[in-house]
Protein chains: 2
Amino acid sequence: MEVFPGKILIVDDEPDIVEFISYNLKSKGYLIAAAKDGVEAIRKAKDFRPDLILLDIMMPNKDGIETIRELRAMPEFDDTAIIFLTALNDEKYEIEGLKIGADDFISKPIKPELLATRIGSALRRFRKDEEQEQKQTFGDLEINKTKFTVSYKGVDILLAKKEFELLCLLASKPGRVFLRNEILQRVWGTDVIVGDRTIDVHIRKIRQKVGIDLITTVKGVGYKFEMS
Amino acid sequence: MEVFPGKILIVDDEPDIVEFISYNLKSKGYLIAAAKDGVEAIRKAKDFRPDLILLDIMMPNKDGIETIRELRAMPEFDDTAIIFLTALNDEKYEIEGLKIGADDFISKPIKPELLATRIGSALRRFRKDEEQEQKQTFGDLEINKTKFTVSYKGVDILLAKKEFELLCLLASKPGRVFLRNEILQRVWGTDVIVGDRTIDVHIRKIRQKVGIDLITTVKGVGYKFEMS
DNA sequence: ACGCCAGATTACGGAATTGTTAAGAAGCAA
DNA sequence: TTGCTTCTTAACAATTCCGTAATCTGGCGT
(Lines give C-alpha, C1' and ligand atoms only; values in the text may rest on other atoms or scores of the structure.)
Protein backbone atom coordinates (compact mmCIF):
# COMPACT_ATOMS: atom_id res chain seq x y z
CA MET A 1 0.00 0.00 0.00
CA GLU A 2 2.29 2.69 -1.12
CA VAL A 3 -0.13 4.85 -2.99
CA PHE A 4 0.79 8.42 -2.56
CA PRO A 5 -1.78 11.01 -3.45
CA GLY A 6 0.23 13.11 -5.85
CA LYS A 7 2.74 15.83 -6.56
CA ILE A 8 1.75 19.46 -6.25
CA LEU A 9 3.57 22.59 -7.30
CA ILE A 10 2.68 25.73 -5.36
CA VAL A 11 3.31 29.04 -7.08
CA ASP A 12 2.96 32.19 -5.05
CA ASP A 13 5.20 35.14 -4.30
CA GLU A 14 4.25 35.30 -0.64
CA PRO A 15 6.38 32.88 1.35
CA ASP A 16 3.84 32.72 4.16
CA ILE A 17 1.14 31.41 1.89
CA VAL A 18 3.46 28.90 0.32
CA GLU A 19 4.51 27.75 3.74
CA PHE A 20 0.95 27.47 4.95
CA ILE A 21 -0.31 25.49 1.99
CA SER A 22 2.81 23.41 1.88
CA TYR A 23 2.44 22.37 5.49
CA ASN A 24 -1.17 21.44 5.02
CA LEU A 25 -0.62 19.34 1.97
CA LYS A 26 2.50 17.64 3.19
CA SER A 27 0.59 16.36 6.16
CA LYS A 28 -1.75 14.67 3.74
CA GLY A 29 1.08 12.92 2.01
CA TYR A 30 1.46 15.06 -1.08
CA LEU A 31 4.86 15.75 -2.47
CA ILE A 32 5.38 19.49 -2.65
CA ALA A 33 7.49 21.84 -4.68
CA ALA A 34 7.22 25.62 -4.67
CA ALA A 35 8.00 28.52 -6.94
CA LYS A 36 7.76 32.26 -6.31
CA ASP A 37 6.92 33.50 -9.77
CA GLY A 38 5.84 32.42 -13.21
CA VAL A 39 9.30 31.98 -14.63
CA GLU A 40 10.42 29.82 -11.78
CA ALA A 41 7.13 27.95 -11.94
CA ILE A 42 7.66 26.82 -15.49
CA ARG A 43 11.21 25.77 -14.81
CA LYS A 44 10.24 23.77 -11.76
CA ALA A 45 7.21 22.29 -13.44
CA LYS A 46 9.39 20.79 -16.14
CA ASP A 47 11.61 19.33 -13.54
CA PHE A 48 9.12 18.22 -10.95
CA ARG A 49 6.29 17.14 -13.25
CA PRO A 50 3.51 17.86 -10.78
CA ASP A 51 0.09 16.32 -11.02
CA LEU A 52 -1.42 19.61 -10.01
CA ILE A 53 -0.31 23.22 -9.92
CA LEU A 54 -1.64 25.80 -7.48
CA LEU A 55 -1.11 29.08 -9.24
CA ASP A 56 -1.44 32.52 -7.79
CA ILE A 57 -2.70 35.08 -10.27
CA MET A 58 -0.99 38.18 -9.00
CA MET A 59 2.71 37.66 -9.24
CA PRO A 60 5.79 39.59 -10.24
CA ASN A 61 7.89 38.57 -13.19
CA LYS A 62 5.17 36.68 -14.98
CA ASP A 63 1.57 36.66 -13.86
CA GLY A 64 -0.66 33.65 -13.48
CA ILE A 65 -2.59 34.15 -16.68
CA GLU A 66 0.54 34.33 -18.77
CA THR A 67 2.04 31.38 -16.93
CA ILE A 68 -0.93 29.15 -17.49
CA ARG A 69 -0.92 30.04 -21.17
CA GLU A 70 2.60 28.86 -21.56
CA LEU A 71 2.04 25.75 -19.54
CA ARG A 72 -1.00 24.81 -21.54
CA ALA A 73 0.98 25.29 -24.72
CA MET A 74 3.39 22.55 -23.74
CA PRO A 75 2.21 19.03 -24.39
CA GLU A 76 3.89 17.64 -21.32
CA PHE A 77 1.41 19.51 -19.14
CA ASP A 78 -1.69 18.44 -20.97
CA ASP A 79 -2.71 16.28 -18.08
CA THR A 80 -1.63 18.49 -15.26
CA ALA A 81 -4.47 20.01 -13.29
CA ILE A 82 -4.18 23.72 -12.60
CA ILE A 83 -5.98 25.55 -9.83
CA PHE A 84 -5.91 29.31 -9.56
CA LEU A 85 -5.50 31.14 -6.32
CA THR A 86 -7.28 34.46 -6.41
CA ALA A 87 -7.84 37.26 -3.99
CA LEU A 88 -11.49 37.76 -3.18
CA ASN A 89 -13.44 39.85 -5.67
CA ASP A 90 -11.23 38.96 -8.54
CA GLU A 91 -13.98 37.46 -10.56
CA LYS A 92 -12.85 38.93 -13.79
CA TYR A 93 -9.71 36.84 -13.61
CA GLU A 94 -11.59 33.75 -12.72
CA ILE A 95 -13.51 33.72 -15.94
CA GLU A 96 -10.45 34.38 -18.00
CA GLY A 97 -8.56 31.76 -16.08
CA LEU A 98 -11.11 29.09 -16.76
CA LYS A 99 -11.21 30.00 -20.41
CA ILE A 100 -7.52 29.47 -20.92
CA GLY A 101 -7.20 26.26 -19.08
CA ALA A 102 -7.54 26.48 -15.33
CA ASP A 103 -9.52 23.64 -13.84
CA ASP A 104 -10.74 25.37 -10.75
CA PHE A 105 -9.98 28.34 -8.59
CA ILE A 106 -9.82 29.02 -4.89
CA SER A 107 -10.23 32.40 -3.25
CA LYS A 108 -7.93 33.64 -0.56
CA PRO A 109 -7.94 33.52 2.34
CA ILE A 110 -7.52 29.81 1.98
CA LYS A 111 -9.39 27.35 4.13
CA PRO A 112 -7.50 24.10 4.54
CA GLU A 113 -10.51 21.79 4.22
CA LEU A 114 -11.70 23.52 1.10
CA LEU A 115 -8.23 23.33 -0.36
CA ALA A 116 -8.00 19.63 0.28
CA THR A 117 -11.41 18.95 -1.18
CA ARG A 118 -10.81 20.90 -4.34
CA ILE A 119 -7.41 19.41 -4.87
CA GLY A 120 -8.79 15.96 -4.32
CA SER A 121 -11.52 16.36 -6.86
CA ALA A 122 -9.30 18.05 -9.41
CA LEU A 123 -6.82 15.22 -9.13
CA ARG A 124 -9.53 12.63 -9.38
CA ARG A 125 -10.77 14.14 -12.60
CA PHE A 126 -7.32 13.85 -14.11
CA ARG A 127 -6.23 10.71 -12.40
CA LYS A 128 -7.87 8.11 -14.50
CA ASP A 129 -5.45 8.47 -17.36
CA GLU A 130 -2.58 8.81 -15.05
CA GLU A 131 -2.84 5.62 -13.09
CA GLN A 132 -2.15 3.55 -16.08
CA GLU A 133 0.77 4.00 -18.39
CA GLN A 134 0.54 6.88 -20.75
CA LYS A 135 1.27 5.40 -24.09
CA GLN A 136 0.27 5.76 -27.68
CA THR A 137 0.58 3.27 -30.47
CA PHE A 138 0.67 3.86 -34.19
CA GLY A 139 0.86 0.60 -36.03
CA ASP A 140 4.15 -0.94 -35.03
CA LEU A 141 5.30 2.15 -33.22
CA GLU A 142 4.76 2.67 -29.53
CA ILE A 143 5.48 5.80 -27.54
CA ASN A 144 5.40 5.33 -23.80
CA LYS A 145 5.58 8.52 -21.82
CA THR A 146 5.67 6.78 -18.48
CA LYS A 147 8.67 4.69 -19.39
CA PHE A 148 10.24 7.31 -21.61
CA THR A 149 10.64 4.79 -24.37
CA VAL A 150 9.86 4.44 -28.02
CA SER A 151 9.72 1.06 -29.65
CA TYR A 152 9.24 -0.11 -33.19
CA LYS A 153 8.05 -3.65 -33.78
CA GLY A 154 8.83 -4.40 -30.16
CA VAL A 155 12.40 -3.20 -30.41
CA ASP A 156 13.30 -0.35 -28.14
CA ILE A 157 14.73 2.78 -29.64
CA LEU A 158 16.80 5.00 -27.41
CA LEU A 159 15.94 8.64 -27.90
CA ALA A 160 17.51 11.54 -26.08
CA LYS A 161 15.30 13.79 -24.04
CA LYS A 162 14.80 16.55 -26.59
CA GLU A 163 14.25 14.04 -29.34
CA PHE A 164 11.66 12.27 -27.28
CA GLU A 165 9.84 15.46 -26.41
CA LEU A 166 9.85 16.54 -30.02
CA LEU A 167 8.46 13.24 -31.17
CA CYS A 168 5.81 13.36 -28.47
CA LEU A 169 4.67 16.74 -29.59
CA LEU A 170 4.36 15.75 -33.22
CA ALA A 171 2.70 12.47 -32.34
CA SER A 172 0.18 14.18 -30.10
CA LYS A 173 -1.71 15.25 -33.20
CA PRO A 174 -0.90 12.85 -36.00
CA GLY A 175 -1.26 14.42 -39.40
CA ARG A 176 -1.33 17.94 -38.12
CA VAL A 177 1.42 20.23 -39.28
CA PHE A 178 3.37 21.99 -36.56
CA LEU A 179 4.96 25.25 -37.50
CA ARG A 180 8.62 25.58 -36.71
CA ASN A 181 7.77 28.44 -34.44
CA GLU A 182 5.27 26.42 -32.54
CA ILE A 183 7.65 23.55 -32.13
CA LEU A 184 10.26 25.87 -30.72
CA GLN A 185 7.88 27.31 -28.19
CA ARG A 186 6.42 24.07 -27.08
CA VAL A 187 9.52 21.96 -26.84
CA TRP A 188 12.09 24.55 -25.92
CA GLY A 189 9.91 27.06 -24.12
CA THR A 190 9.42 30.75 -24.71
CA ASP A 191 12.54 32.00 -23.07
CA VAL A 192 15.02 29.75 -24.74
CA ILE A 193 16.27 30.96 -28.06
CA VAL A 194 17.90 28.52 -30.40
CA GLY A 195 18.79 28.66 -34.04
CA ASP A 196 16.54 27.42 -36.76
CA ARG A 197 18.68 24.50 -37.79
CA THR A 198 18.44 23.00 -34.34
CA ILE A 199 15.04 21.54 -35.07
CA ASP A 200 16.23 19.94 -38.27
CA VAL A 201 19.07 18.27 -36.53
CA HIS A 202 16.80 16.74 -33.93
CA ILE A 203 14.30 15.67 -36.54
CA ARG A 204 17.08 14.01 -38.40
CA LYS A 205 18.24 12.10 -35.36
CA ILE A 206 14.74 10.82 -34.76
CA ARG A 207 14.37 9.70 -38.36
CA GLN A 208 17.76 8.07 -38.24
CA LYS A 209 17.14 6.21 -35.01
CA VAL A 210 13.64 5.07 -35.79
CA GLY A 211 14.56 4.02 -39.27
CA ILE A 212 11.20 4.51 -40.90
CA ASP A 213 9.67 7.64 -42.28
CA LEU A 214 7.33 8.95 -39.64
CA ILE A 215 7.97 12.61 -39.88
CA THR A 216 7.05 14.43 -43.04
CA THR A 217 8.53 17.77 -43.94
CA VAL A 218 6.15 20.41 -45.18
CA LYS A 219 8.43 22.84 -46.86
CA GLY A 220 8.11 26.43 -45.79
CA VAL A 221 5.71 25.45 -43.03
CA GLY A 222 6.87 22.81 -40.59
CA TYR A 223 6.71 19.12 -39.79
CA LYS A 224 4.04 16.56 -39.18
CA PHE A 225 3.89 13.08 -37.79
CA GLU A 226 2.43 10.52 -40.13
CA MET A 227 2.66 6.77 -40.41
CA SER A 228 3.01 5.86 -44.06
CA MET B 1 1.70 -18.93 26.85
CA GLU B 2 0.63 -18.65 23.23
CA VAL B 3 2.00 -16.34 20.62
CA PHE B 4 1.92 -12.77 21.77
CA PRO B 5 -1.07 -10.94 20.37
CA GLY B 6 0.54 -7.66 19.35
CA LYS B 7 1.98 -4.29 20.21
CA ILE B 8 -0.34 -1.43 21.02
CA LEU B 9 0.36 2.26 21.40
CA ILE B 10 -2.09 4.16 23.58
CA VAL B 11 -2.36 7.89 22.98
CA ASP B 12 -4.38 9.94 25.45
CA ASP B 13 -3.69 12.97 27.57
CA GLU B 14 -5.49 11.63 30.60
CA PRO B 15 -3.18 9.38 32.61
CA ASP B 16 -6.11 7.58 34.24
CA ILE B 17 -7.45 6.38 30.95
CA VAL B 18 -4.05 5.30 29.75
CA GLU B 19 -3.52 3.44 32.96
CA PHE B 20 -6.90 1.77 32.77
CA ILE B 21 -6.54 0.61 29.18
CA SER B 22 -2.97 -0.34 29.66
CA TYR B 23 -3.81 -2.56 32.63
CA ASN B 24 -6.56 -4.28 30.71
CA LEU B 25 -4.53 -5.00 27.63
CA LYS B 26 -1.38 -6.04 29.42
CA SER B 27 -3.37 -8.72 31.16
CA LYS B 28 -4.23 -10.09 27.74
CA GLY B 29 -0.62 -10.29 26.74
CA TYR B 30 -0.28 -7.18 24.59
CA LEU B 31 2.87 -5.12 24.69
CA ILE B 32 1.97 -1.55 25.55
CA ALA B 33 3.48 1.86 24.95
CA ALA B 34 1.83 5.17 25.75
CA ALA B 35 1.98 8.77 24.61
CA LYS B 36 0.22 11.80 25.96
CA ASP B 37 -0.18 13.85 22.81
CA GLY B 38 0.12 13.74 19.04
CA VAL B 39 3.70 14.81 18.85
CA GLU B 40 4.83 12.22 21.31
CA ALA B 41 2.63 9.66 19.59
CA ILE B 42 4.38 10.01 16.28
CA ARG B 43 7.77 9.85 17.88
CA LYS B 44 6.94 6.74 19.84
CA ALA B 45 5.19 5.11 16.94
CA LYS B 46 8.32 5.32 14.85
CA ASP B 47 10.25 3.78 17.64
CA PHE B 48 7.85 1.20 18.93
CA ARG B 49 6.28 0.14 15.64
CA PRO B 50 2.94 -0.84 17.11
CA ASP B 51 0.50 -3.10 15.34
CA LEU B 52 -2.32 -0.92 16.52
CA ILE B 53 -2.71 2.59 17.82
CA LEU B 54 -5.47 3.70 20.17
CA LEU B 55 -5.80 7.39 19.50
CA ASP B 56 -7.76 9.90 21.50
CA ILE B 57 -9.23 12.67 19.40
CA MET B 58 -9.19 15.51 21.87
CA MET B 59 -5.64 16.16 22.84
CA PRO B 60 -3.36 19.11 23.46
CA ASN B 61 -0.41 19.84 21.23
CA LYS B 62 -1.70 17.98 18.21
CA ASP B 63 -5.16 16.53 17.98
CA GLY B 64 -6.12 13.06 16.85
CA ILE B 65 -7.26 14.02 13.39
CA GLU B 66 -4.03 15.77 12.62
CA THR B 67 -2.02 12.96 14.10
CA ILE B 68 -3.69 10.30 12.05
CA ARG B 69 -3.17 12.34 8.94
CA GLU B 70 0.51 12.47 9.51
CA LEU B 71 0.71 8.83 10.38
CA ARG B 72 -1.18 7.82 7.28
CA ALA B 73 1.12 9.93 5.18
CA MET B 74 4.05 7.80 6.22
CA PRO B 75 4.35 4.54 4.36
CA GLU B 76 5.81 2.75 7.36
CA PHE B 77 2.42 2.90 9.05
CA ASP B 78 0.43 1.59 6.13
CA ASP B 79 -0.26 -1.59 7.95
CA THR B 80 -0.80 -0.21 11.37
CA ALA B 81 -4.39 -0.32 12.55
CA ILE B 82 -5.69 2.84 14.12
CA ILE B 83 -8.68 3.05 16.44
CA PHE B 84 -10.10 6.35 17.57
CA LEU B 85 -11.20 7.01 21.09
CA THR B 86 -14.03 9.53 21.14
CA ALA B 87 -16.17 11.10 23.77
CA LEU B 88 -19.81 10.26 23.32
CA ASN B 89 -21.69 12.47 20.87
CA ASP B 90 -18.65 13.20 18.81
CA GLU B 91 -20.08 11.76 15.69
CA LYS B 92 -18.80 14.45 13.43
CA TYR B 93 -15.27 13.40 14.23
CA GLU B 94 -16.05 9.80 13.70
CA ILE B 95 -16.98 10.32 10.10
CA GLU B 96 -13.98 12.46 9.42
CA GLY B 97 -11.78 10.02 11.22
CA LEU B 98 -12.91 7.12 9.12
CA LYS B 99 -12.44 9.13 5.97
CA ILE B 100 -8.84 9.87 6.67
CA GLY B 101 -7.82 6.43 7.69
CA ALA B 102 -9.09 5.31 11.06
CA ASP B 103 -10.14 1.69 11.09
CA ASP B 104 -12.65 1.84 13.90
CA PHE B 105 -13.62 3.97 16.84
CA ILE B 106 -14.61 3.37 20.39
CA SER B 107 -16.67 5.74 22.49
CA LYS B 108 -15.72 6.62 26.01
CA PRO B 109 -16.41 5.56 28.64
CA ILE B 110 -14.57 2.45 27.63
CA LYS B 111 -15.86 -1.00 28.38
CA PRO B 112 -13.04 -3.51 28.71
CA GLU B 113 -14.75 -6.35 26.86
CA LEU B 114 -15.72 -4.14 23.98
CA LEU B 115 -12.20 -2.80 23.80
CA ALA B 116 -10.71 -6.26 23.60
CA THR B 117 -13.14 -7.35 20.93
CA ARG B 118 -12.60 -4.36 18.72
CA ILE B 119 -8.85 -4.53 19.06
CA GLY B 120 -8.90 -8.19 18.27
CA SER B 121 -10.89 -7.77 15.10
CA ALA B 122 -8.94 -4.73 13.94
CA LEU B 123 -5.72 -6.63 14.38
CA ARG B 124 -7.09 -9.65 12.61
CA ARG B 125 -8.05 -7.56 9.63
CA PHE B 126 -4.56 -6.24 9.28
CA ARG B 127 -2.78 -9.36 10.29
CA LYS B 128 -3.48 -11.36 7.22
CA ASP B 129 -1.66 -8.96 4.95
CA GLU B 130 1.15 -8.92 7.37
CA GLU B 131 1.38 -12.64 7.80
CA GLN B 132 2.38 -13.33 4.28
CA GLU B 133 5.68 -11.89 3.25
CA GLN B 134 5.55 -8.92 0.97
CA LYS B 135 7.88 -9.86 -1.78
CA GLN B 136 8.32 -9.25 -5.43
CA THR B 137 10.24 -11.31 -7.91
CA PHE B 138 11.66 -10.30 -11.23
CA GLY B 139 13.24 -13.21 -13.00
CA ASP B 140 16.06 -14.33 -10.77
CA LEU B 141 15.76 -11.33 -8.53
CA GLU B 142 13.71 -11.35 -5.38
CA ILE B 143 12.92 -8.38 -3.19
CA ASN B 144 11.49 -9.20 0.19
CA LYS B 145 10.09 -6.15 1.90
CA THR B 146 9.28 -7.86 5.16
CA LYS B 147 12.68 -9.40 5.58
CA PHE B 148 14.52 -6.45 4.12
CA THR B 149 16.49 -8.67 1.82
CA VAL B 150 17.29 -8.92 -1.83
CA SER B 151 18.52 -12.05 -3.48
CA TYR B 152 19.71 -12.91 -6.92
CA LYS B 153 19.55 -16.50 -8.07
CA GLY B 154 18.94 -17.51 -4.49
CA VAL B 155 22.01 -15.75 -3.18
CA ASP B 156 21.34 -13.02 -0.67
CA ILE B 157 22.60 -9.55 -1.36
CA LEU B 158 23.17 -7.25 1.57
CA LEU B 159 21.89 -3.79 0.85
CA ALA B 160 22.08 -0.88 3.25
CA LYS B 161 18.82 0.75 4.26
CA LYS B 162 18.88 3.65 1.82
CA GLU B 163 19.92 1.36 -0.98
CA PHE B 164 17.10 -0.97 -0.21
CA GLU B 165 14.51 1.77 -0.04
CA LEU B 166 15.73 3.21 -3.28
CA LEU B 167 15.53 -0.13 -5.00
CA CYS B 168 12.07 -0.76 -3.58
CA LEU B 169 10.81 2.52 -4.91
CA LEU B 170 12.12 1.89 -8.38
CA ALA B 171 10.93 -1.70 -8.38
CA SER B 172 7.45 -0.69 -7.23
CA LYS B 173 6.70 0.34 -10.79
CA PRO B 174 9.01 -1.56 -13.08
CA GLY B 175 9.77 0.33 -16.25
CA ARG B 176 8.45 3.60 -15.02
CA VAL B 177 10.91 6.45 -14.90
CA PHE B 178 11.27 8.14 -11.54
CA LEU B 179 12.48 11.69 -11.69
CA ARG B 180 15.45 12.50 -9.50
CA ASN B 181 13.29 14.93 -7.66
CA GLU B 182 10.68 12.40 -6.90
CA ILE B 183 13.24 9.90 -5.74
CA LEU B 184 14.70 12.45 -3.39
CA GLN B 185 11.36 13.28 -1.87
CA ARG B 186 10.12 9.76 -1.55
CA VAL B 187 13.25 8.11 -0.24
CA TRP B 188 14.78 10.95 1.69
CA GLY B 189 11.65 12.85 2.66
CA THR B 190 10.43 16.31 1.87
CA ASP B 191 12.51 18.24 4.35
CA VAL B 192 15.84 16.56 3.95
CA ILE B 193 18.10 18.21 1.47
CA VAL B 194 20.93 16.22 0.05
CA GLY B 195 23.21 16.86 -2.84
CA ASP B 196 22.51 15.64 -6.32
CA ARG B 197 25.35 13.17 -6.47
CA THR B 198 23.98 11.30 -3.49
CA ILE B 199 21.46 9.45 -5.58
CA ASP B 200 24.07 8.42 -8.10
CA VAL B 201 26.30 7.05 -5.44
CA HIS B 202 23.53 4.91 -4.04
CA ILE B 203 22.48 3.78 -7.47
CA ARG B 204 26.04 2.81 -8.12
CA LYS B 205 26.25 0.77 -4.94
CA ILE B 206 23.10 -1.09 -5.84
CA ARG B 207 24.33 -1.83 -9.33
CA GLN B 208 27.66 -2.91 -7.92
CA LYS B 209 26.21 -5.18 -5.28
CA VAL B 210 23.57 -6.78 -7.43
CA GLY B 211 25.97 -7.25 -10.29
CA ILE B 212 23.46 -7.17 -13.09
CA ASP B 213 21.97 -4.19 -14.85
CA LEU B 214 18.64 -3.54 -13.24
CA ILE B 215 18.60 0.18 -13.14
CA THR B 216 18.60 2.20 -16.31
CA THR B 217 19.58 5.83 -16.42
CA VAL B 218 17.40 8.18 -18.41
CA LYS B 219 19.60 11.19 -18.86
CA GLY B 220 18.11 14.47 -17.83
CA VAL B 221 15.11 12.70 -16.40
CA GLY B 222 15.79 10.03 -13.82
CA TYR B 223 16.14 6.32 -13.28
CA LYS B 224 14.01 3.28 -13.86
CA PHE B 225 14.01 -0.32 -12.80
CA GLU B 226 14.13 -2.74 -15.67
CA MET B 227 15.21 -6.32 -16.03
CA SER B 228 17.04 -6.63 -19.29
C1' DA C 1 21.48 26.44 -66.84
C1' DC C 2 21.74 29.34 -63.16
C1' DG C 3 20.86 31.14 -58.78
C1' DC C 4 18.11 30.90 -54.82
C1' DC C 5 15.98 28.94 -50.93
C1' DA C 6 14.50 25.70 -47.44
C1' DG C 7 15.72 21.90 -45.55
C1' DA C 8 19.27 17.78 -44.93
C1' DT C 9 23.49 16.24 -43.42
C1' DT C 10 27.69 16.16 -41.02
C1' DA C 11 31.06 17.00 -37.67
C1' DC C 12 32.65 19.42 -33.76
C1' DG C 13 33.09 21.81 -29.19
C1' DG C 14 30.99 23.32 -25.20
C1' DA C 15 27.59 22.37 -21.77
C1' DA C 16 25.14 19.62 -18.94
C1' DT C 17 24.57 15.30 -16.71
C1' DT C 18 26.02 11.17 -14.73
C1' DG C 19 29.75 7.79 -13.13
C1' DT C 20 33.42 6.90 -10.00
C1' DT C 21 36.28 7.23 -6.24
C1' DA C 22 37.93 8.39 -1.88
C1' DA C 23 37.54 10.61 2.33
C1' DG C 24 35.22 12.45 6.14
C1' DA C 25 30.82 12.70 9.00
C1' DA C 26 27.35 10.54 11.21
C1' DG C 27 25.29 6.76 13.28
C1' DC C 28 25.33 2.45 15.84
C1' DA C 29 26.71 -1.55 18.56
C1' DA C 30 29.72 -3.62 21.66
C1' DT D 1 35.32 4.90 23.98
C1' DT D 2 36.50 1.98 20.00
C1' DG D 3 35.53 -0.13 15.85
C1' DC D 4 32.32 -0.85 12.51
C1' DT D 5 28.94 0.26 8.76
C1' DT D 6 26.33 3.57 6.37
C1' DC D 7 25.58 8.03 4.46
C1' DT D 8 26.95 12.22 2.28
C1' DT D 9 29.96 15.14 0.00
C1' DA D 10 33.42 16.86 -3.03
C1' DA D 11 36.44 16.40 -6.74
C1' DC D 12 37.45 14.63 -10.98
C1' DA D 13 36.53 11.54 -15.05
C1' DA D 14 33.53 9.94 -18.48
C1' DT D 15 29.76 10.31 -21.09
C1' DT D 16 26.06 12.05 -23.51
C1' DC D 17 23.53 15.72 -25.25
C1' DC D 18 22.74 19.92 -27.64
C1' DG D 19 23.36 23.78 -30.53
C1' DT D 20 25.92 25.75 -34.31
C1' DA D 21 28.25 26.36 -38.39
C1' DA D 22 29.70 24.76 -42.65
C1' DT D 23 28.52 22.28 -46.47
C1' DC D 24 25.42 19.59 -49.40
C1' DT D 25 20.97 18.48 -51.88
C1' DG D 26 16.96 18.99 -54.50
C1' DG D 27 13.12 21.78 -56.07
C1' DC D 28 11.64 25.94 -58.25
C1' DG D 29 11.39 30.07 -60.87
C1' DT D 30 13.71 32.81 -64.20
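When the C-alpha to C-alpha distance is required to be over 29 Å, the pairs from A:K28/A:K147; A:K44/B:K147; A:K147/B:K162; A:K108/B:K36 that qualify are A:K44/B:K147; A:K108/B:K36.
Rounded to the nearest 0.05, what FRET efficiency is calculated for A:R176 and B:E19 with R0 set to 51 Å and r the Cβ-Cβ distance? Walk me through the numbers before you get to the answer.
On the way: r = 73 Å, r/R0 = 1.42.
Taking R0 as 51 Å, the efficiency between A:R176 and B:E19 is 0.10.
When shorter helices are ignored and each DSSP H run of at least 4 residues is given -39500 (n - 2.57), the per-residue value for chain B at 222 nm works out to -12500 deg cm²/dmol. Using a probe radius of 1.4 Å on protein heavy atoms only, what is the accessible area buried between chains B and A, both sides summed, to the nearest 100 Å²? That pair of chains buries around 1900 Å² in total. Label point of B:K219 (7 Å along Cα→beta-carbon): distances to the other copies' equivalent points are 3.4 nm, sorted ascending.
Evaluate the stretch A:7-131: find the radius of gyration of its Cα atoms, find its Kirkwood radius, and give the ratio Rg to Rh.
Details: Rg = 12.9 Å, Rh = 14.1 Å.
Taking Rg over the Kirkwood Rh, I get 0.92.
The orientation-averaged projection of the convex hull spanning the C-alpha atoms of chain B amounts to 14.7 square nanometres.
Note on B:D47 and B:S107: the extension gain reaches 18.9 nm, defined as 0.36 nm multiplied by sequence separation minus the Cα-Cα distance. Hey, with R₀ at 45 Å, roughly what FRET efficiency would A:R197 and B:T146 work out to, going by the Cβ-Cβ distance, to 0.05? About 0.20, to the nearest 0.05.
In chain A, carbon and sulfur make up what percent of the accessible area (probe 1.4 Å)? Of the solvent-accessible surface of chain A, carbon and sulfur hold 52 percent.
Past 24 Å, Cα to Cα, is the threshold; run B:K135/B:K161; A:K46/A:K135; A:K153/B:K145; B:K173/B:K209; A:K7/A:K145 against it and keep the listed order. Over 24 Å apart, Cα to Cα: A:K153/B:K145.
Given a Förster distance of 41 Å, report the FRET efficiency between A:E133 and B:M58 from their Cβ-Cβ distance, rounded to the nearest 0.05.
Numbers: r = 45 Å, r/R0 = 1.11.
Calculated transfer efficiency: 0.35.
Using the Karplus relation 6.51 cos²θ - 1.76 cosθ + 1.60 with θ = phi - 60°, the per-residue 3J(HN,Hα) values for the stretch A:205-210 come to 4, 5, 4, 4, 5, 6 Hz, with x marking Gly and Pro.
Cα extents for the protein assembly as shown along the principal axes, largest to smallest and rounded to whole angstrom: 84, 65, 37. Placing dummy labels 7 Å off each Cα toward the beta-carbon, the span from B:W188 to A:M227 is 4.2 nm. For the stretch B:135-225, the normalised intensity computed at q = 0.14, 0.21, 0.22 Å⁻¹ comes to -0.46, -1.05, -1.15 (log10 of I(q)/I(0), Debye sum over alpha carbons, equal scatterers, no solvent).
Taking the solvent-accessible surface of protein heavy atoms with a 1.4 Å probe, what is the per residue accessible area of the stretch B:135-225 in Å²?
On the way: 4540 Å² over 91 residues.
Per residue, the stretch B:135-225 has 50 Å² of solvent-accessible surface.
Select from A:I17, A:I143, A:I193 the residue whose mean-square fluctuation is largest in a Gaussian network model of chain A (Cα-Cα springs shorter than 10 Å). The residue that fluctuates most here is A:I193. Relative contact order for chain A: 13 percent, from Cα pairs under 8 Å spaced at least 6 residues apart, divided by residue count.
Within 10 Å of each Cβ in peptide B:112-119, how many partner chain Cβ atoms are there on average? Round it to a whole number, please. List each step's numbers first, then the result.
Details: counts 0, 0, 0, 0, 0, 0, 0, 0.
So the per-residue partner count for this stretch is 0.
The values are calculated or read from the model by the stated rules, or taken from the named source; none is laboratory data. Everything numeric here is computed off the predicted structure, so don't read it as measured data. A quick note on method: Cβ atoms are made from the backbone with ideal geometry, for glycine too, and the neighbour counts reach across all protein chains shown. The protein model used for the area step is the full one, side chains on, heavy atoms only, and it has no ligands, DNA or RNA in it. Shrake-Rupley method; radii C 1.70, N 1.55, O 1.52, S 1.80 Å.
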